[in-house]
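Derivation of every value follows stated rules applied to the coordinates shown; laboratory data play no part. The shown structure was predicted, so the numbers you read here are calculated from the model rather than taken from an experiment. A quick note on method: Cβ atoms are made from the backbone with ideal geometry, for glycine too, and the neighbour counts reach across all protein chains shown.
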Amino acid sequence: MVLSSESLRETKLQKFPELAEKKLSESLDSDKLPQGSVLRYMLAQTKMISQIISYIWLYAESEPLAKQARKWFQNPTKDFDQIENPTFTDKLPSLAQLMSAKPQDETKYGKFLSKVFPDFKDKSNGFYQFPIFNKKDIHSGIVVFKTDAAIANGSIQDPTPNSPNVLTVVIAFPPCPKFSEATLTKEELSSWLKDRDSSNYTPSNSYIPSCSS
């Protein structure tokens, strides 16, 4: 008698009930999104931007690049480079250039990213992929960036008749709260900045912005 593939599968499940139960449990675990999942990639973007803002909040008063980066987020449509005879890419807003940079780049955007993510200065890994947004999408104008100081959770806005074929990424960039046990401590912020758990996408303290979704 020749068993069908379905019969063979059922036989294996009966023979190895513990393994079958484990496989079923893993398949129902919503926290374990597969590599390459679009949702996983979007969640990674959210975490990376949130950690960038955490770095700015921690170091803008003492570190020159963090101070510059704060201006990029405060003025998301402005180019701060002021390069003579700039190329098209050079004319992009500084925030857009940050989102299309890699920690390996020999630009101030790359150098800033290498400070925020020093463990990925040489290469990306499965979760932390650079650039944060596709460079071609940014350069072609399909993706544009805005920031909002009045929100703690960002969003991605659909195209409108006034901006056809354009996705607008709205990044939450509220003022940093005064550090205290009642709001947010530097230790909590530093812990989130260093968090590399690929199944953890959201900061535990709600004062830390979740930046786009």
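Compactness of segment 105-190 was expressed as the Cα radius of gyration divided by 2.2 N^0.38 Å, which yields 1.37.
Annotation for segment 129-213: trypsin sites (Lys or Arg not before Pro) lying in DSSP loop with at most 12 further Cβ atoms inside 10 Å of their Cβ are K178. The ellipsoid that matches the Cα gyration tensor of segment 91-138 has semi-axes, each √(5λ) in whole angstrom, of 17, 13, 7, with the longest given first.
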